[in-house]
Amino acid sequence: MLFDFLKYLQPTHYFQLYTHTGKSVFPKTEDLPKQILLHLEADTRFKSELAKDYDLSWQAIQKGYIGDAHTYESFDDISVRDNYHFIRKYFNKAWVFYVLILRLFSFKNPLKEISGWYKTRGIARVQINTISVYDVDYESFNSSLIANNPKISVVIPTLNRYNYLKDVLSDLENQDYSNFEVLIVDQSDPFDETFYKDYKLDIQLIKQEEKALWLARNNAVRNANGTFIALSEDDVRIEPDWISSHLKCLDFFDAQVSAGVFYPEGQQIPKERSFFTVASQFATGNAMLYKDVFRTVHLFDRQFERQRMGDGEFGLRLFLADIKSVSNPKASCIDVKAGEGGLREMGSWDAFRPSNFFAARPIPSVLYFFRRYFGNKASRLAMLRMIPLSIFPYQFKKNKPLLVLGVLVSVLILPLVFYQVFKSWSLSSKKIKEGSLIKELA
């Protein structure tokens with residue numbers, strides 16, 4: 001990683017890794033276009049020139065640079081002081097102190113650590129202002145891809161959510177792009193075929209007896225007739241230009257994947273997701289990609305059935321394969337977050353919050369993903385960072401005082417937390433021993 005201390009704060013981030021061709025995501029500063037450099041701010045307070053260049057490269061990616069500049073294929077060591085400077089600049093001071101404690105407990109030179117931490121105390125955290133260089137050209141861009149009218153296959157798995165599914169199907173009826181089919185993999189019990197009869201859509205209905213989300217998506221991809229696969233869910237709301245916005249993004253950026261943005265009902269798109277950028281995550285509830293991409297990276301891994309992070313693992317495979325994936329705020333959707341049906345019936349609210357307090361924490365598939373791609377050390381760092389914050393329920397995850405209280409509570413219930421983690425680690429070991437359950441697309 002360009003700054004070593006990122007391994008403590010983002011231990012299992014896509015951008016920690018190199019692609020299969022040996023590239024990082026971070027562009028070399030000397031290769032960046034002038035119109036991009038104008039939006040970057042050189043920080044002369046770094047002690048080394050290398051740290052200044054790495055900081056500019058970080059800024060470019062965080063601000064939304066999507067281009068073809070040569071990227072770093074290796075990174076040289078940066079001084080402890082410059083590392084503290086960097087994390088103070090971009091992370092909350094509580095996380096800076098967290099890194100200091102970790103470093104001291106890892107038997108790093110205490111004088112050097114405390115000196116680097118103390119001497120950078122005057123570095124204030126900065127807010128990332130996004131690059132706007134794409135906006136004007138994007139708005140005036142006439143997509144030849146849309147004009148060519150390719151067939152789109154919209155994939156929606158559903159489980160006991162007819163009351164929510166009706167809304168997204170109504171949204172699809174109102175799309176401004178018409179050449180698409182909708183593949184619905186219905187696992188509901190009881191199954192209601194008559195539910196679909198009145199929709200003015202080309203619906204390809206697949207009844208699936210086994211309640212398995214990733215099997216459902218794999219089956220839909222196999223049966224899709226479109227050149228493109230558009231992934232959606234049964235508890236979202238989409239705008240009339242949802243399909244065309246995905247297509248336009250793919251065309252404008254010459255990308256293979258358009259990774260749409262979610263935002264909760266009653267809110268707006270988060271600021272950090274409100275601009276085009278290289279996708280650092282992938283959500284199967286809002287994305288469009290060429291069907292041929294599945295022939296390159298293969299189908300979804302069924303090791304994630306009834307658990308979490310299957311879309312994150314697939315997104316990392318895209319990144320490792322050098323497939324251009326663009327985070328697309330124009331193709332946003334509202335996440336209704338249905339309290340029933342779907343994965344809610346399969347045991348968890350999110351990756352680190354099991355529905356049963358005595359169940360494994362994190363969800364074992366999460367550790368399977370982390371350990372497989374990032375190794376055991378990074379996985380432990382990820383748990384150390386996330387598990388104390390996950391003690392309180394999902395609905396409080398944005399409440400900072402309760403998150404801090406959760407850290408304190410996790411100390412008080414440490415034996416239980418150790419039990420949860422040990423259980424998760426053991427279950428993930430079984431998954432790793434079994435290996436991935438990824439099949440090729442014929």
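The values are calculated or read from the model by the stated rules, or taken from the named source; none is laboratory data. Small disclaimer: the values here were computed from a predicted structure and weren't measured. Because the Cβ atoms are built from the backbone with ideal geometry, glycine has one as well, and the counts that use them run over all protein chains shown. Side chains are part of the model used for accessible areas, which takes the heavy atoms of the whole protein and leaves out ligands, DNA and RNA. Shrake-Rupley method; radii C 1.70, N 1.55, O 1.52, S 1.80 Å.
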Problem set entry | helices (runs of 4 or more DSSP H) wholly inside region 12-90 containing at least 1 residues that are aromatic (Phe, Trp, Tyr) | 49-63, 80-90
Exercise. Helices (runs of 4 or more DSSP H) wholly in region 272-386 with at least 3 residues that are open to solvent by 40 Å² or more (accessible area, probe 1.4 Å) and either touching an Asp or Glu at 6+ places or on another chain (Cβ under 9 Å) or over 22 Å from THR158 (Cβ atoms) (or both) - which ones?
Worked result: 292-297, 364-386
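Filter region 176-202 down to residues that are part of a loop (DSSP other than H, G, I, E, B) and free of Cβ contacts under 8 Å to residues at least 24 places away in the same chain and give me whichever is surrounded by the fewest Cβ atoms within 10 Å (Cβ to Cβ).
PRO190
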Problem set entry | Selection status of LYS112, free of Cβ contacts under 8 Å to residues at least 40 places away in the same chain and open to solvent by 80 Å² or more (accessible area, probe 1.4 Å) | yes
Exercise. Yes or no: GLY266 of a type in the set (Gly, Ala, Ser) and touching a Ser or Thr at 6+ places or on another chain (Cβ under 6 Å)?
Worked result: no
For this session: Check ASP4, ASP53, ASP77 and return the single one that is free of Cβ contacts under 8 Å to residues at least 40 places away in the same chain and either surrounded by 16 or more Cβ atoms within 10 Å (Cβ to Cβ) or among the charged types (D, E, K, R) (or both).
Result: ASP53
Problem set entry | Condition met for LYS7 (among the basic types (Lys, Arg) and under 30 Å from LEU320 (Cβ atoms)) | yes
For this session: Of all residues in region 207-231, count the ones that are more than 15 Å from GLN303 (Cβ to Cβ), in contact with an Asp or Glu (Cβ under 9 Å, 6 or more places away or on another chain) and buried (at least 23 other Cβ atoms within 10 Å of the Cβ).
Result: 2
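Hey, could you check region 143-175 for residues that are in a loop (DSSP other than H, G, I, E, B) and of a type in the set (S, T, N, Q) and say which is surrounded by the most Cβ atoms within 10 Å (Cβ to Cβ)?
ASN160
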Exercise. Looking at this structure, is ASP82 buried (at least 21 other Cβ atoms within 10 Å of the Cβ), of a type outside the set (A, V, I, L, M) and touching a Leu at 6+ places or on another chain (Cβ under 9 Å)?
Worked result: yes
